Every structure is written in C-alpha cells, then in structure tokens.
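Working notes, beginning with the structure itself.
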Amino acid sequence: MSTVRAPTPLLRRLWLSTDARRLAACVAGGLVLAVMTGPEGSGTAPTSGFTGSLGNSRVIGFVVFGVVLWLLMTARQRYGTEIRAVSDRLSAAPRRLLPDKRVRGVFYLVLLGIAIGYPTVLNGFWQEVLVDQIGVYVLLALGLNVVVGYAGLLDLGYIAFYAIGAYSAAYWTGALPVHPLFHLNAFYAIPLAVLAAMLAGVILGAPTLRLRGDYLAIVTLGFGEIIEIVANNLQGVTGGAQGVIGIPHFSIHFLGVVYHWGLGSLPYYYLLLGFIVVVLIAFHFLENSRVGRAWVAIREDEVAAESSGINVLKYKVMAFAIGASTSGLAGMVEASKIGFVEPGDFTVQLSILILVLVIFGGMGSLPGAVIGAAVLQFLPQYLRVHPLFGFQQQDLYLYLGAILVVMMIFRPVGVFPSRRRKRELGLAEHGVGSADAMESTTGPIS
Amino acid sequence: MVPTATASDPIVQVEAITLRFGGLTSLSDVSLTQQRGEILAVIGPNGAGKTSLFNCLTGVYHPQEGNITFHDDHGKSVEIVGPKPRFAGLGGKSHVRNHGRKPHQVNRAGIARTFQTSRLFNALTAFENVKIGVESRMHTGPIGAMLRLPRTRHEDRESDARASELLEFVGLRERANDIASSLPYGDRRRLEIARALGTSPQLLLLDEPAAGTNPAEKNELVRLIRKVNDERGVSVLLIEHDMGLVMTLADRIVVLNFGQVIASGVPAEVQQNPAVIEAYLGAPDPEDAYDTSGPAEDGPEK
Amino acid sequence: MCFTQNFWNLVVSGLYDGFLYALIALGYTLVYGVLQLINFAHSEVFMSGGFASYFILHALVGTNQPTGLASVGYVALGVLGGGAGGAAIAFLLERVAYRPLRRRNAPRLAFLISAIGASYFLYNLAGKEFGRNALEIPTLFTNGPVFSVFGATVQTIYVVTAIAALIMLVIVDRVVAMTRLGKGIRAVAQDAETASLMGVPIDRVISQTFIIGGLLGGAAGFLFGLNAGVIFTMGFTPALKAFTAAVLGGIGNIRGAVLGGLLLGIVENLGVACTQASWRDVVAFGILVLVLLIRPTGLLGEQLGRAA
C-alpha cells in the first residue's frame, strides 16, 4: 500500500513488512474472537459488548492466541515444504494404513458397528440430538454435497426441498387442510415425497441452471424465501404460520412384518442410519461413474466438456435433482419423527447452515460431508449444555459465518478434502481450470 | 486416403455462411465442402476468420446466414446450422432465423474437436480424460450408476478398454496415470486428440494442432494425424499456421482471407495461386493490399 | 384493475422504495463491474450504515426534535454518517473476505461462499452487540403531507429520500464518468489485466469501488432506517430486491441500476395492490426470476466498463 504515508520511517518499515502486517492481522483476529465470545451488548449501550469483551483481563488470552497463530503461520511459511510434507503424509495415512480393500471394508464395518452400538448407551437428550441435529443434517449435507461438491453449483435454497419433502409427508398422510385422493401410511409416502422434491428440483433447475453460477445462487436464495412465504401464507393449503400437526409415525405392515416407529429417538436413528449408509454407497458409486466424471469435467472446463459430448445442462439438472431428492427424504423423515411441520423450520439460514457443513468437511468428499455435519452439529449442542462454555444458540450463525470466511481464506478444500477436489483447487489457483461451474452460461454465443 | 476426383461423397458441407458480431462481419458467404476420408486444411493470415469458421462448425457460434450440413457414415444427414422457420405472430410475416446445434449435439452427431490452447481436464489423469470422451457415448444414467447395475459395470469395463486402446494408439500408454496438467506440451496435444477420438467421431477438427510444439513433437503429430486418417478412417479438418505441416498433411486446402474463401485446391495449386501469395506476403502495391471490398477482420480469433 | 384506484399513490410509494433500491443496487453494480462478482455481503453494508447513523443521531439528537435548518443538517449528517459506516464495512469486507482470495486466484465459488460467510458474520455480530430489537432513529423532522400529484399525497420522508438519493446518484454518475478514479473503475471493468499493465493500481481501484458502493449503501441504510428503524436483519430483503433491480437494469450498468430500482419499486407496489402485503417479496422475486430467464442482460444491457 503505497498510499499510506507513515509518519516515521520505522512505522513505515513496519507497515511494509509482511511479518508485522500479518502479526497485526492475527492479533486483530484474536480480538474479533474475543468480541465474538464476549458478552452481549444492547441497543441502549452499544459499546458494552465490546468493552465487556475487550476491557477485561480475558483479552490477554486472545491477544496471546493471535500471537501464537502468527508464530504458527510464520513457521508454516518458513518451513512450509517440510510441514506440507508432514501434513500430506498425515492425510495420506488412512489410505496407507488401509491399502487393502478388505482391510478397509473391515474398518468401515467397525465404524458401522460403533454407529449402531454406541447410541444405546446415550441418554435421551443425546439420542434426540443424534436424530434431529446430526442424522438429518448428515443426510442433508450428503445431498448438498452432490450439488456444490460434485457439480460445483451454489444452491442457497436447498432447504426448500426439505420443506417440500416434509409437506409431502403431511399431505399424503392427510395432515394438511387439503386432502389427497387416498391416504398413505407415512412409510409408503417416502418415495412420493422424494419424487415431489426431485420434480421441484427439475422444475426450478431446468430454466435457472442455464444462468451464470452467481445468478443461480440468487435465484435459489429467492426460491427458498418464496417457499417459506408460501408456506406461511397459504393458510388453506399448508396450515399457515402455525403449521400442521398430526403427521403419523412410520409403520410397516408388510409380509407379516409389523413395526411401528414411536416417540423414541432410537428407532428413527436406525432408520436414518440405514438411509445414510445406502445414500453413502450410492453416492460413492455415483462419484466414480460416468455421471460423476461428467460432473468433474463440467467443473473443470465447461467448454471442453461440451465439446466432448457432455450435455452440460442435463448433468447440472441431474445434480440438482439428486440433491433435492435427498433433501426431500430428510424432510420426510424428520416430519414423521416430530409429527408436525411449520414454516419456521425452513428459514433461509438453514440452507446456509447446510452449506457450512459441506464446506467445512470438504466439498466433494463423502467422508467430509459426514464428519463435517456430525462435528459441526454436535459441537453447538455440546457447548450449549456444557456449563463451562454456555454457548448461546443465537450466536450460532456468527460462528458459522466466520467459519465460512476463514475456510475460504485458509483452507478452501475443507478439513477432509477429496483428493480430486484438492488437486483441482490447487490447479485453479495456478490459473489452470476453474474448479466450479460458475463461469459460463450454457448455450451458444451468436 | 485421397479421394478420387469424380466420386463426390461429402462429409460436411458449408454453404454460404455469414457470421457477424455487432457491426463486424467475421465470415462472409463462406462455402466449402469436405469429402469423406479427406484431410482438409483451412489456412489464412491472422484474423482471416479461421477460428470463427471452426466455432461455427462446432456449434459455439451460430452464423446468421447459411447452412452447415454433416453427412455421417451411415447415410444420415445432420444440420449443424440451418434456417428454422419461426412463427412471427398473427398477421406478421413469418421470418426465418438460423438455428444451430449446441456443441454437445454437434459432438454427438460425429464431429469432435481439439482446441488451439489445449483444454484438458487438468486435475484428472490422462486415462480419465480419455475415458470421459469415451463415456459420452455410453448410456449409464444416475440410477444405474448409484446401484452399479450389471450393465453399468459392463459399460465401465468397455470404456476402460477403449480408453486404454486409445492411449496406446496416440502413444501415451505409459502416461495413463499421470495428471494431465503434468504432461509435456506435445503429450497434451496427443491426449486431446485421444479424448476427441474417444467420442467416436467421423470428422475430427483440429485447431492449430502444431501451435507451440517443437520440431520433434510436430513430426510425431503429423504421423499421428496421418494414422488417425488412415487407420481409423476419420476425416480431418484442420486449421493451421504452419505451412510445412499443411503442405505435407493436407489433401486439399481452403484459403480464407478477410472472412472470405479466396482459393481452394490441392496443395500444389494453392501454393502457386497469386491471390494466396498476395494474402500472405502482402500485395506488391500497397494500394492494392487494402483494396479488398470484403468485410472486416474477425474479432474473436482467440 | 386492482391498482387503478390508487394508482398514483402506489407510484409515489413505489418511487420512494425505488430510490432506496437504486442506491443499494449501485453498490452491486459497481462491484460487479470491477470484479464480475455479486457482493453477497452488500446487505450488511446497508445494515451497517443504518446502525452508524442511528448511533450518531442518537448521541447528538436524542429525544430533541430539531426544526428548520437543523433538520436539514441532521439529515445530511445521517446520510454522511450512514455512508461512512457503510464505506468502512465495505472496505473491511474487501480487505478480509475478498482480497486474500483474489491474491490466490480462487474460483468464483470461493468468493461467493466467503461473502455469504461475511454477511452472516456481520449481521449476527450486529445482533449480538446492538441487541436484537429494532431501534428507532430519532425524529429529525415532522413527517406529513407536503404536496400532492394526481391526487397522491407526497410525504416529507419521500421528498427527503428522493432529494438525498438524487444528489448522490448524480454525484456518482459524474464521478465515474469524469474523474480519474472513474476512469480507473471503467478501465478495470473493461479489462483488469490490461488495465494493470497500463499502470492502473487495481487493488486501489477495487478498494475505492467498494468504498463508493458502501457510501451509497450505507446512506440508503440511514434513509431506510428513518422510516422503518434499524435492526440487525434489516439488510436481507432490501438487498435482495436491490440486486433484482441491478439485474433488471443490466448489472454493471450504473444508469441501469437506477432505472431498475425505480421500476422495481413501482412494479412491486402495484403488484402488492393486487395481492396482499405478505406476498410483497414473492412479487419482487418473481420479477427477478422472470428477468433472469427472459432477459438476463437487463433492460439497458450489461455495459461493463462503459459504466456511464
């Protein structure tokens, strides 16, 4: 910044030194964190939040945090190659430890065993969290991962499809003011709910996916908002702002097998776990199929993909529809579990929350989506009930927003990146390829 | 495979196309015909409209006037660009507007292309690049892929085999698992050709295949293009600056200047054509050099 | 038709909304011009302006009720204060959420995500620090009918907003068209790479573009707050509509943003007359979707670089 005339040479030299500027940025980051974790202010005393968090001995801790961060960053720069070598080896470790397909299979089975066995020893609160906060959101994150991670599209109205799934559940089971031709058992309505969400995805996607990527983001944001408004206002169809109650729990009567899901969380947890495992396997296959490779091609270079015979629009709509149906499935399950739907469950910020889950874990990475969703959905609950932290639920989006920015600046590939995505982003940053599907509009220039 | 002069079996016919960008006319009344099995070169000075022509052929640009028709090996004709009558509303005269196919449809019809600066899928391996080309001809949908149905697996094995075979064909077998961005320049060119061949084209369009290659790489490319034409029976249409390459490779040459065809014929004829010499070396009299009543240069050459 | 009855009343209130949309839309359009990116966090620039002006006026005016020249002075102060708050946040935003990504040549997806993150961070921080209830900006003038056109009463607040907005819009139009800074903005918009080769300091131009957009957005935050009060969530809907306005007029096109803003304001108000107030946003988003599908380049076209 040549514009700033520093009063003394020393200050000027400090300003020009990257180290000093980075130190200042790190300390500033520490102070921001102090404010974020500090007390609340109010309209009448707007500075009280700041003074309460900065004019206090606790600020020292955050300044120290900033300095340590700076030391780490400087070290990383000085010894970058060595550190990268170590981190590469660390991230490659699971792959090297599990080279054999069979060993890996056993590893996954053990994980599955833990996922099945461990929840039984949890108390009711955590079992509920496991379904409402973690299970449903893992499923949602897996679906959005197809749109954002695989196809490189930004969908900010993703929760709308969840709403469509939930209202479908209500519709087919007769809970809505409008009644279907025939009532269905909630369990058998699952395919219809998924289908409805998928159709909505196609109807919204087919025209809008021709648009530039950032326009798509805005249109989907608007769509999410519209769905919420519609749900609120169409009293006669959706039950309005109060929502509807009385969506029955799932039950199966099939070939002599009879099972009822009830109020307990565990049966729903196992149902969700089943869905998640199936979806994981299906998406894993999808990623490594003709369809998955077509998405990579589109992300990398839309023009080249088209010239290689890939119908770009079709594949984008496909990704959108697959994401939407997964979201619809999650909405269906949750609606049946809690027994009611209301528009307040589909606020636009939930779409952002799911986006954070995917980004945090690593776009395009299945383990990333699962672990990201599980960790980020578990932490707030844990911090909320833990007496030491006293986390306020209303501050959640403050932290999520910060996570998004920090991730984009320092680790855009996410915490558990897919190898392919990591390579793409690395190359894109050297000016090769685009790593998203944002650039061009499909269709000829004439 | 030099076609006999009598039997006319065109693979692609460009009829009087005109392409404008705002006020600039980049191609004006350009016609050309390529015979099946032929290697046709389109040459011309910078800004002559070569790349524009190429982009019209591949569906990137849709010319305002004229037709482009592709005749595939099975006797089917596909209109790449052609007039499409449009209903102009009540009382209005129905007007005709040119309608073109999208790039992926052009590719499906049987025309594959490469790019002037190679556009590979850089984060993928050489093998995956070719496989994506091959797979664009397969049928697996998302459901099949998610369930990994037997047919999906069968198609996958088939694509693997085809991709390996193509890598072998262009001489990149050892490089199969290398990341595309790590390949040397000449290899990238060949990989792009392999990817294009993966889509089973009957006509291959090469946009300056030798640009930026060294002499050794160029020789190999010439050999490869020959091989594509001879062994696979793929017709080749190429744009090139390198005269040496064009003269050794092409069966026939079409020369563009200022968006118009100024000459065409076998290399020996074209070489002697005064209009061509003038276009390349400039007219002896500077007055004449600008005395072309033809349209302006083409804008989007790159 | 449903809106014929108070057509002119609806047009007048539409113009009022439209001026606000136009001011915000300019921020989108200017930034889009130089970065080819939608600044998703612009809503929070708007919100910051509202809060900045609130705190300044709250401290200076309190519960007094200024009259005459003092009113005018305080309104000007509010515009400047709001503008300064918006500009400061816009500057920081570019520095923190955009510049590091630009340095790295990150994909566009990363910019959008970073901006969304910044937006959520900022408005929730405002909620945390300044409370989650609406705050009323002190009364600066008595609002009432000033005059009427075609039977439609024009309120004081409409006049104030229109005058303030017009002054700012003209200044910005002239700045971009005539000054060195404007030349820089247009050069970067047309071709950033060439501009930098020709010695245009790209980073500085981008920073300044954000600041100009922030000034306008922040001032709009104040004008909006005069009527509706300020609250941490105030940015979302007006900003989304202003974006619609920018697209409607042709994003990257300054006069297009103004035209789009006014048009959207009027159409929205007429549309609401035919439905209910609660469908207001649906009308606006419906317009957005239609414009994007039918004429994505907007009414005046995307005059990138030829910003005047």
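Numbers for the structure displayed
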quantity: Within the range B:185-279, strands (runs of 3 or more DSSP E) holding 2 or more residues that are touching a residue at least 12 places away in the same chain (Cβ under 8 Å) and more than 25 Å from B:ARG20 (Cα to Cα); calculated: B:203-207, B:235-239
quantity: The range B:102-127, subset more than 23 Å from B:GLU174 (Cβ to Cβ) and aliphatic (A, V, I, L, M), residue surrounded by the most Cβ atoms within 10 Å (Cβ to Cβ); calculated: B:ILE111
quantity: Residues being farther than 15 Å from A:ALA166 by Cα, part of a strand (DSSP E or B) and either outside the structural domain of A:PRO180 (by TED's automatic domain parsing) or hydrophobic (A, V, I, L, M, F, W, C) (or both) - total across the range A:225-261; calculated: 4
quantity: Subset of the range B:99-130 [within 7 Å of chain A (Cβ to nearest Cβ) and in a helix (DSSP H, G or I)]; calculated: B:PRO103, B:HIS104, B:ASN107, B:ARG108, B:GLU128
quantity: Wholly enclosed helices (runs of 4 or more DSSP H) of the range A:305-389 bearing at least 3 residues outside the structural domain of A:GLY165 (by TED's automatic domain parsing) and touching a Pro at 6+ places or on another chain (Cβ under 8 Å); calculated: none
quantity: Residue count, the range B:94-130 (criterion: touching a Lys or Arg at 6+ places or on another chain (Cβ under 7 Å) and under 14 Å from A:ALA304 (Cβ atoms)); calculated: 6
quantity: Residue within the range C:118-130 that is assigned to a helix (DSSP H, G or I), closer than 30 Å to A:GLU300 by Cα, basic (Lys, Arg) and within 14 Å of chain A (Cβ to nearest Cβ) present; calculated: no
quantity: Filter pass, C:ASP191 being surrounded by 16 or more Cβ atoms within 10 Å (Cβ to Cβ) and out of contact with any strand residue (DSSP E or B) (no Cβ under 8 Å at 6 or more places or on another chain); calculated: no
quantity: Helices (runs of 4 or more DSSP H) contained in the range C:1-104 and holding at least 3 residues under 17 Å from C:VAL230 (Cβ atoms); calculated: C:7-35, C:42-60, C:68-93
quantity: A:TYR158 being more than 20 Å from A:LEU271 (Cα to Cα) and without any contact (Cβ under 8 Å) to a residue 40 or more places away in the chain; calculated: no
quantity: Hey, C:LEU92 hydrophobic (A, V, I, L, M, F, W, C), facing chain A (nearest Cβ under 7 Å) and within 21 Å of the chain's Cα centre (by Cα) or not; calculated: no
quantity: The range A:74-95: number of residues that are at pLDDT 70 or above, surrounded by 11 or more Cβ atoms within 10 Å (Cβ to Cβ) and over 19 Å from A:GLY426 (Cβ atoms); calculated: 3
quantity: Hits in the range B:38-82 (condition: in contact with a helix residue (DSSP H, G or I) (Cβ under 7 Å, 6 or more places away or on another chain), assigned to a strand (DSSP E or B) and under 16 Å from B:ALA109 (Cα atoms)); calculated: B:ILE68, B:PHE70, B:VAL78, B:ILE80, B:VAL81
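Residues are listed down the side, and each one gets a yes or a no for (1) away from every other protein chain (no Cβ under 14 Å); (2) within 30 Å of C:ILE231 (Cα to Cα); (3) outside any helix (DSSP H, G or I); (4) not charged (D, E, K, R):
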{"site": "A:LEU31", "(1), (2), (3), (4)": "no, yes, no, yes"}
{"site": "A:GLY52", "(1), (2), (3), (4)": "no, yes, no, yes"}
{"site": "A:VAL67", "(1), (2), (3), (4)": "yes, no, no, yes"}
{"site": "A:ARG76", "(1), (2), (3), (4)": "yes, no, no, no"}
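Per-residue answers, yes or no, for (1) surrounded by fewer than 21 Cβ atoms within 10 Å (Cβ to Cβ); (2) among the aromatic types (Phe, Trp, Tyr); (3) at pLDDT 90 or above; (4) closer than 24 Å to A:PRO119 by Cα:
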{"position": "A:LEU355", "(1), (2), (3), (4)": "no, no, yes, no"}
{"position": "A:GLY364", "(1), (2), (3), (4)": "no, no, no, no"}
{"position": "A:ALA369", "(1), (2), (3), (4)": "no, no, yes, yes"}
{"position": "A:ALA374", "(1), (2), (3), (4)": "yes, no, yes, yes"}
{"position": "A:LEU398", "(1), (2), (3), (4)": "no, no, yes, no"}
{"position": "A:SER418", "(1), (2), (3), (4)": "no, no, no, no"}
{"position": "A:LEU425", "(1), (2), (3), (4)": "no, no, no, no"}
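The values are calculated or read from the model by the stated rules, or taken from the named source; none is laboratory data. Worth saying up front: this structure is predicted, and the values here are computed from it rather than measured. Cβ atoms come from the backbone with ideal geometry, glycine included; neighbour counts cover every protein chain shown.
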